[in-house]
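Some notes on the structure that comes next.
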Amino acid sequence: MPRLLTMALLFLIAACGEAEESRGGFSEAPTPIVPFEVEMAMDARDVQAVGTARAKTAAAVTPETAGIVDEVVFQPGDFVEAGAPLIRLEADDERLALRLADVAVREAEQLLARYRRIENTGAVSDSAIDEARTQLEAAKINREQARLRLAERTVTAPFAGYVGLSDVDPGSRVGQDTVVAALDDRRSLFIDFTVPEDVFGQLSIGDIVEATAFSEGDTPRDARVVSLDSRVNPDSRAFRARAELDNREDTLRPGMSFEVRFSVPGRTYPLVPEAAIVWGSDGAYLWAVRDGKAERTPVRIVSREEGRVLIEAPLREGSIIVAEGVQKVRPGTIVTYEGQRRPRPSSTSGGGAGTLNE
């Protein structure tokens, strides 16, 4: 009987306490939490494309005149300077024509010199002297033309670069449409790639993109955008871009395929620590602090990176949320701060919202 009486008294005391608490008679002790001041960050969208490399300068070298190949000067893969000979054609007729032109020039010079020696004697007219001078100029022009025709019998490199394979051998007959050799200046490569139309205006000349050759695996290189196409293809809804890649080590080749990646800015979202996110039966939420009390706020996670989370939630920059101690609070819990934490500085400079990659 005394035990039953004691239990009844304890039950009565507890009930009275709850009633008194509901009337505000008891004050709730503040719950200590670690707060976090929300900042805004931009969700960076990763864009991927496949590109093809080409030499910065390339040419299919052809002769200026037809003829029989007398000598092939280069070896495939050689680096040649601008003006270096590649092949020489038979040029006996051209050499003879140049010698004949030299003789004509000397004869014209001798005639003009003889006329000038007797010019003041009246033995030769002024018109004869003028004609001799004209013949000398014509002979010099013919000699220069002969030199050019002889020079055309040697096919030279139009610029410095690497010579490719050739099907031309000594004794072969070539014409003006015969490709003597492919010449590439591959010290820099152009990578042409296609970009979706929805990022038009977000990729600019001078931007840096990552280019990874499929033959090299996970070895990205920086390439600089040097040109953008002037129109969007109406069928593919994309536009072409071109980036320049340094290849002075000569480890890459024209025609290689590359994966091209770059990021473009997206929307701005609240940035919070991942530890602040709580998962319940109805999804993710966090505890926002408003007027010193915890308030449950549903969120949608946009992206994560290294312990940080971009979320969709009704939070403004500077809003306070519970970063640590989320298990100790309930709706309406009065909180007190144990410390203050802020997001890590973003990688972007110049202030404003930071960027978080997808």
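The values are calculated or read from the model by the stated rules, or taken from the named source; none is laboratory data. Remember, it's a predicted structure, so these values are computed and weren't measured experimentally. Don't worry about glycine lacking a Cβ; one is built from the backbone with ideal geometry, like all the others, and counts go over all protein chains shown. Keep in mind that these areas ignore ligands, DNA and RNA; they rest on the heavy atoms of the full protein, side chains included. Shrake-Rupley method; radii C 1.70, N 1.55, O 1.52, S 1.80 Å.
Count neighbours as other Cβ atoms within 10 Å of each site's Cβ, and list the trypsin sites (Lys or Arg not before Pro) in the stretch 155-219 that are DSSP loop with at most 13 such neighbours.
none
If each of Ile205 and Thr336 carries a label point 7 Å out from its Cα toward its Cβ, how far apart are those two points in nm?
6.3
Name the most mobile residue of Gly206, Gly283, Gly122, meaning the one with the largest mean-square fluctuation, in a Gaussian network model of the chain with Cα contacts below 10 Å.
Comparing Gly206, Gly283, Gly122 in the GNM, the peak value goes to Gly122.
Cross-link candidates for Lys293: which lysines have Cα within less than 21 Å, leaving aside residues fewer than 8 places away along the same chain?
Straight-line reach from Lys293, under 21 Å: Lys328.
Got a number for carbon plus sulfur as a percent of the chain's accessible area, 1.4 Å probe? Present the calculation step by step, with values, prior to reporting the outcome.
Numbers: 10510 of 21410 Å².
Answer for the chain is 49 percent, counting heavy atoms of protein chains only.
So if I place +1 on the C-beta of Lys and Arg and -1 on the C-beta of Asp and Glu, and nothing else carries charge, what would the dipole magnitude of the stretch 91-152 be about its Cα centre? I want it in debye, nearest 20.
The dipole of the stretch 91-152 has a size of about 220 debye.
Summing Lys, Arg as +1 and Asp, Glu as -1, what charge do residues with Cβ under 11 Å from the Cβ of Asp126 carry, Asp126 excluded?
Working: positive: Arg133; negative: Glu119, Asp130, Glu131.
In short, -2.
Please state the shape class of the stretch 151-281: rounded when a/c is under 1.5, otherwise prolate if a/b exceeds b/c and oblate if not, all from the C-alpha gyration tensor.
prolate
So what is the accessible area of the stretch 91-152 per residue, in Å², with the probe set to 1.4 Å?
Accessible surface, normalised per residue, equals 72 Å².
For the stretch 91-152, place one equal point scatterer on every Cα, skip the solvent, and apply the Debye formula. What is log10 of I(q)/I(0) at q = 0.13, 0.27 Å⁻¹?
-0.41, -0.99
Which FRET efficiency value, to the nearest 0.05, do you get for Asn120 and Glu64 by plugging their Cβ-Cβ distance into 1/(1 + (r/R0)^6) with R0 = 41 Å?
0.25
With a 1.4 Å probe and all protein chains left in place, how much accessible area per residue does the stretch 205-247 have, in Å²?
For the stretch 205-247, the per-residue accessible area is 61 Å².
With θ taken as phi - 60° and the coefficients 6.51, -1.76 and 1.60, list the Karplus ³J(HN,Hα) couplings across the stretch 53-61 in order, rounded to whole Hz; mark glycine and proline as x.
8, 9, 5, 4, 10, 9, 8, 9, 7
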